[in-house]
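Down below is the structure, laid out as structure tokens.
The values are calculated or read from the model by the stated rules, or taken from the named source; none is laboratory data. As the structure is a computational prediction, the values presented were derived from the model and not from experiment. No Cβ is skipped: glycine too gets one built from the backbone with ideal geometry, and neighbour counts run over all protein chains shown. The protein model used for the area step is the full one, side chains on, heavy atoms only, and it has no ligands, DNA or RNA in it. Shrake-Rupley method; radii C 1.70, N 1.55, O 1.52, S 1.80 Å.
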Amino acid sequence: MSHKYVYLFSEGDGSMRELLGGKGANLAEMTRLGMPVPQGFTVTTEACTRYYDDGKVIGKDIEEQIYEYLAKIEEINGKKFGDPTKPLLVSVRSGSRASMPGMMDTILNLGLNDEVAAGLIAGNPDPSFARFVYDSYRRFIQMFADVVMELSKKTFEVIIDELKEKKGIKDDIDLGVDDMKELVRLFKEYYKREKGEDFPSDPRVQLMAAVKAVFRSWDNPRANAYRRMNDIPYSWGTAVNVQPMVFGNLNTNSGTGVAFSRDPATGEDALFGEYLINAQGEDVVAGIRTPSKIAQLKEDMPEVYEEFIAIAKKLERHYKDMQDMEFTIENGKLYMLQTRNGKRTAAAALKIAVDLVDEGLIDEKEAVLRVEPKQLDALLHPQFDVAALKAAKVIGTGLAASPGAAAGKVVFTAEKAKEWAEKGEKVILVRLETSPEDIEGMVAAQGILTVRGGMTSHAAVVARGMGTCCVSGCGEIKMHAAEGYFELAGKKYHEGDEISLDGSTGKIYDGAIKTVEATISGYFGRYMAWADKYRTLKVRTNADNPKDAAQAVRFGAEGIGLCRTEHMFFEGDRIKAIREMIVAKTAEARAKALDKILPLQQGDFEEMYRVLEGRPLTVRFLDPPLHEFLPQKEDEIAELAADLGISVEELKTVIEDLHEANPMMGHRGCRLAVTYPEIAAMQTKAVISAALKVNAEHPEYNIVPEIMIPLVGEVKELKYVKNIVVETADKLIAEAGAKLEYKVGTMIEIPRAAITADEIAKEADFFSFGTNDLTQMTFGFSRDDAGKFLDSYYETKIYEFDPFAKLDTNGVGKLVKMASELGRSTRPDLKLGICGEHGGDPSSVEFCHNVGLDYVSCSPFRVPIARLAAAQAALKASK
């Protein structure tokens, strides 16, 4: 038998997610549980992969299987495709194995043509039924033209608005049967004008084109952007679900809705959702009409409501997680169209995980695996300052779609949001409604405000997933996006004007309101205690000042894995002393300038040791090239020359001498200490003196300083600088008559260091992988410039993700693994850590756990993310 590419819902189950995709597996599982699911079939993810392997064509054997299974569902449903008397109409939906809300494209009412529409009406001449048929037909043309043939969706909306204006009608629902017929004619006319051919009337042609379009949509720009953000491999592909239509727009005894078994914003154990009477599913999700709350269904259709409640409870108990369900009611009968584990805010995720443990549905380990580490970001973000909020003016209220506070400048397009954000502007994206192509603008924006759409609209679902503040469905707004402004509360807000949003209350404010740091309480502490119980990887932070160190300790950091000493040099008088040191002609003059910096640097370390209360502090010695400390502008050069008592020409000569063609691979890191040993001596004095002083105040801290020499590529370099450190440190300790243990290690950030790690380990007490530089040097491109061309690499699938954001485990990861193994072959007790930005990326943290590192170090606000990611890595490895 040939390879099976198509499965009936009754042939699969929930465990077949990789093959059937999330939606297909869940439809099969609901079928297995005996729920009211319209019986269709799934074309597998393997068919999608083959479509791309075969040069974007659907193989003959796959096409034959699709037609074979079409015949099977015709028999099951007692209807026939293209038959005017008892036609089978279907929906065609995508379904990847990872949930990608709003990213992929759906087509409803497929199988309609003029003959089918006429045949349906002949069997039921009621004018309201005829209106329903032509309403379904015009929707199908609109979706098919948009999704399959890539015509502009907005033009269809314009055609509808023009007809409503002509008729003096406000709502779509007031359009009669003749109006719907006219829309079908106008839509087809527009289609022919744009495509140069008639709208396809053969249902089989429609079906194959739709399947191909779903496969094609796996590779559209917004799907690629979403995948990159969420670490979803391109190779997975998407399945296609073909399902008989049930009609929520049949009459006023019909409807469609989306519901969650618990509140996705707060996690409260209460059914949460919305529905629309006499509408199709896309109306709720796209947010084109503003729906009723699910509780209202109890009044409208009590029997359907009770049945739905029972199903929701059964599904939640079965999946042991909060469910996001789509349903349709056709003439009083309930049908389930989808269930999946629901997207939720970070606060809701924690509450639901803890509640499910308390309810006995899952254990602590399962709970730890339930929350996406990246989601914790949303808990750690600012809220509005209470005093500033009291003084702020509320100009409107929408739905509180995604919590958090945001203030910024108004922009009306995703492109503008991205462009302004790249320049460092904080923006609020204001849209009539968002659609999947807005994804990059939504990522760039501080907050999202929409005129239309409910709590389950695209904007709401995507914003909650990203942890971005969102207020949706503010119908009071009069949009004039083309003219660059909107009206609210009697005022015009133009592009660039400032507004503020509260995603927790739905309130919109005039102007930018001051924000304050988030405070963590409630479920967070209990949940993170579980994470800490199961992780083995330590989590440190990258911090260069006492304030950041204190913040990181509050977030659970177990020390500092990277203190960049150069950041301390840019403050106040210090920069002047550093500049004196740079222009000095002799070692004596340099030492004199460094003596001015010594007490300031020592003071910083003392404060950090006090904040850390005995937790380790790894101090990286001076790393950047010296030109970074000198001015480049004429007026600043003149001012500095006067300050230093030298001529402008002399200073310009120093600046020119320090200029390098490739400074990132130039005179920096340990190379500075080799050329100017007095810098390493001064920094050693600062670290050791601070440790001696704070240890004397607090013997219980038992401080063990960790000194890290950067950019080593040759063991002799390390030995040379280490000798300066040891000589200076031992002298100070002896003079103090104290006992102080200290460690000297290095950063592994040059490929040669990784390759010769067994030799380097002879001189190093620890390795810390500087994966920013290691990535840069392994790939051979600068992280400051790579952004200019990496987009082309994503589009052509050469790279699927930014290697500076997520560790390249195939290349850079191999160097990390090799260096770890080589280093420990020389020194079995060698401590290993990572201190690049990758330390806070969950997939990179998992890699670090798997290769046996001792700790990761990341920015303070990513510490909770790394703690949870480390716990999840340990639990996955133990499975």
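Only one of Asp854, Asp808 is farther than 27 Å from Pro616 by Cβ and open to solvent by 20 Å² or more (accessible area, probe 1.4 Å); which?
That would be Asp808, the only listed residue that is farther than 27 Å from Pro616 by Cβ and open to solvent by 20 Å² or more (accessible area, probe 1.4 Å).
Across region 733-759, what is the number of residues that are out of contact with any strand residue (DSSP E or B) (no Cβ under 6 Å at 6 or more places or on another chain), open to solvent by less than 80 Å² (accessible area, probe 1.4 Å) and hydrophobic (A, V, I, L, M, F, W, C)?
So the answer is 8.
Kindly establish whether Ile448 is surrounded by fewer than 24 Cβ atoms within 10 Å (Cβ to Cβ), of a type outside the set (Phe, Trp, Tyr), within 24 Å of Arg862 (Cα to Cα) and touching a residue at least 12 places away in the same chain (Cβ under 8 Å).
No.
Conditions: (1) touching a strand residue (DSSP E or B) at 6+ places or on another chain (Cβ under 8 Å); (2) closer than 18 Å to Arg827 by Cβ; (3) touching a residue at least 40 places away in the same chain (Cβ under 8 Å). Gln683 meets all but one. Number of the miss?
(2)
Tell me which residues, restricted to region 676-732, are open to solvent by 50 Å² or more (accessible area, probe 1.4 Å) and over 30 Å from Ile755 (Cβ atoms).
Across region 676-732, the qualifying residues are Lys685, Lys693, Ala696, Glu697, His698, Pro699, Glu700, Asn702, Asp730, Lys731.
Does region 602-618 contain at least one residue that is touching a residue at least 60 places away in the same chain (Cβ under 8 Å), open to solvent by less than 70 Å² (accessible area, probe 1.4 Å), under 27 Å from Pro663 (Cα atoms) and in contact with a helix residue (DSSP H, G or I) (Cβ under 6 Å, 6 or more places away or on another chain)?
Among the residues of region 602-618, not one is touching a residue at least 60 places away in the same chain (Cβ under 8 Å), open to solvent by less than 70 Å² (accessible area, probe 1.4 Å), under 27 Å from Pro663 (Cα atoms) and in contact with a helix residue (DSSP H, G or I) (Cβ under 6 Å, 6 or more places away or on another chain), which makes the answer no.
Among the residues of region 5-44, which ones are open to solvent by less than 10 Å² (accessible area, probe 1.4 Å) and of a type in the set (Val, Ile, Thr)?
Within region 5-44, Val6, Thr42, Val43, Thr44 meet the criteria.
Residues are listed down the side, and each one gets a yes or a no for (1) of a type outside the set (S, T, N, Q); (2) within 24 Å of Leu380 (Cβ to Cβ); (3) out of contact with any helix residue (DSSP H, G or I) (no Cβ under 8 Å at 6 or more places or on another chain):
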site	(1), (2), (3)
Lys320	yes, no, no
Gly332	yes, no, no
Gly342	yes, yes, yes
Ala349	yes, yes, no
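Can Glu150 be described as over 28 Å from Tyr190 (Cβ atoms) and of a type outside the set (A, V, I, L, M, F, W, C)?
For Glu150, the condition - over 28 Å from Tyr190 (Cβ atoms) and of a type outside the set (A, V, I, L, M, F, W, C) - is not met.
I want to confirm something. Restricting to region 488-509 and keeping residues that are among the small types (Gly, Ala, Ser) and in contact (Cβ under 8 Å) with a residue 60 or more places away in the chain, which single residue is surrounded by the most Cβ atoms within 10 Å (Cβ to Cβ)?
Here the residue is Gly503.
Within the set of pairs 6 or more residues apart or between chains, which connect a residue that is under 18 Å from Ala122 (Cβ atoms) and free of Cβ contacts under 8 Å to residues at least 40 places away in the same chain inside region 65-84 to a residue that is open to solvent by less than 50 Å² (accessible area, probe 1.4 Å) and in a loop (DSSP other than H, G, I, E, B) with Cβ atoms less than 8 Å apart?
Short answer, once both residue conditions are applied: Lys80/Leu88.
Determine which member of the set Ala407, Ala417 is in contact with a helix residue (DSSP H, G or I) (Cβ under 9 Å, 6 or more places away or on another chain) and buried (at least 22 other Cβ atoms within 10 Å of the Cβ).
Exactly one residue qualifies, and that residue is Ala417.
Let me spell it out: the conditions are (1) more than 20 Å from Arg564 (Cβ to Cβ); (2) more than 40 Å from the chain's Cα centre (by Cα); (3) without any contact (Cβ under 8 Å) to a residue 60 or more places away in the chain, and Glu714 meets all of them except one. Which number is the exception?
If we test Glu714 against (1) more than 20 Å from Arg564 (Cβ to Cβ); (2) more than 40 Å from the chain's Cα centre (by Cα); (3) without any contact (Cβ under 8 Å) to a residue 60 or more places away in the chain, just (2) comes out false.
Residues of region 319-370 being without any contact (Cβ under 8 Å) to a residue 12 or more places away in the chain and assigned to a helix (DSSP H, G or I), which ones?
Once the filter is applied, which keeps residues that are without any contact (Cβ under 8 Å) to a residue 12 or more places away in the chain and assigned to a helix (DSSP H, G or I), region 319-370 yields Val357, Asp358.
Counting only residues that are open to solvent by 90 Å² or more (accessible area, probe 1.4 Å), over 40 Å from the mean Cα position of the chain (by Cα) and among the acidic types (Asp, Glu), which one in region 180-205 is farthest from Ala117 (Cα to Cα)?
Glu197
What residue, of Ala729, Ala734, is touching a Phe, Trp or Tyr at 6+ places or on another chain (Cβ under 7 Å) and assigned to a helix (DSSP H, G or I)?
Matching residue, one of Ala729, Ala734: Ala729.
Filter region 667-711 down to residues that are part of a loop (DSSP other than H, G, I, E, B) and among the hydrophobic types (A, V, I, L, M, F, W, C), then give me how many there are.
Qualifying residue count, region 667-711: 3.
When residues of region 531-540 are filtered for being closer than 15 Å to Leu868 by Cβ and open to solvent by less than 20 Å² (accessible area, probe 1.4 Å), how many remain?
3
How many residues are open to solvent by 50 Å² or more (accessible area, probe 1.4 Å) and in contact with a Lys or Arg (Cβ under 9 Å, 6 or more places away or on another chain) if we restrict to region 51-66?
Residues flagged as open to solvent by 50 Å² or more (accessible area, probe 1.4 Å) and in contact with a Lys or Arg (Cβ under 9 Å, 6 or more places away or on another chain) within region 51-66 amount to 2.
I'd like to know if region 620-628 contains one or more residues that are within 22 Å of Arg862 (Cα to Cα) and within 40 Å of the chain's Cα centre (by Cα).
Within region 620-628 (the criterion being within 22 Å of Arg862 (Cα to Cα) and within 40 Å of the chain's Cα centre (by Cα)), the answer is yes, since at least one residue qualifies.
Which one is modelled with the highest pLDDT among residues in region 371-404 that are under 25 Å from Arg344 (Cβ atoms), assigned to a strand (DSSP E or B) and open to solvent by 30 Å² or more (accessible area, probe 1.4 Å)?
So, considering only residues that are under 25 Å from Arg344 (Cβ atoms), assigned to a strand (DSSP E or B) and open to solvent by 30 Å² or more (accessible area, probe 1.4 Å), the one modelled with the highest pLDDT is Thr397.
Collect the residues in region 773-805 that are within 18 Å of Ile750 (Cα to Cα) and open to solvent by 70 Å² or more (accessible area, probe 1.4 Å), keeping them in residue-number order.
Arg783, Asp784 - these are the residues of region 773-805 that are within 18 Å of Ile750 (Cα to Cα) and open to solvent by 70 Å² or more (accessible area, probe 1.4 Å).
So which residues in region 206-233 are open to solvent by less than 10 Å² (accessible area, probe 1.4 Å) and part of a loop (DSSP other than H, G, I, E, B), if there are any at all?
Correct list: Trp218 only.
Considering every residue within region 258-281, establish whether at least one is in a loop (DSSP other than H, G, I, E, B), open to solvent by less than 10 Å² (accessible area, probe 1.4 Å) and out of contact with any strand residue (DSSP E or B) (no Cβ under 8 Å at 6 or more places or on another chain).
The answer is yes, given that some residue of region 258-281 is in a loop (DSSP other than H, G, I, E, B), open to solvent by less than 10 Å² (accessible area, probe 1.4 Å) and out of contact with any strand residue (DSSP E or B) (no Cβ under 8 Å at 6 or more places or on another chain).
So that you can scan it fast, the table gives a plain yes or no per residue for (1) touching a strand residue (DSSP E or B) at 6+ places or on another chain (Cβ under 9 Å); (2) under 19 Å from Leu108 (Cβ atoms); (3) modelled with pLDDT of 90 or more:
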site: Val158; (1), (2), (3): no, no, yes
site: Ile169; (1), (2), (3): no, no, no
site: Ile173; (1), (2), (3): no, yes, no
site: Phe187; (1), (2), (3): no, yes, yes
site: Lys192; (1), (2), (3): no, no, yes
site: Phe199; (1), (2), (3): no, yes, yes
site: Met208; (1), (2), (3): no, yes, yes
site: Lys212; (1), (2), (3): no, yes, yes
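For Leu562, only one of the following conditions fails: (1) crowded, with 21+ Cβ neighbours inside 10 Å; (2) touching a Pro at 6+ places or on another chain (Cβ under 7 Å); (3) aliphatic (A, V, I, L, M). What is its number?
(2)
For the list (1) touching a Lys or Arg at 6+ places or on another chain (Cβ under 9 Å); (2) under 13 Å from Lys374 (Cα atoms), I need the number of the one condition that Phe861 fails.
The single condition Phe861 does not satisfy is (1).
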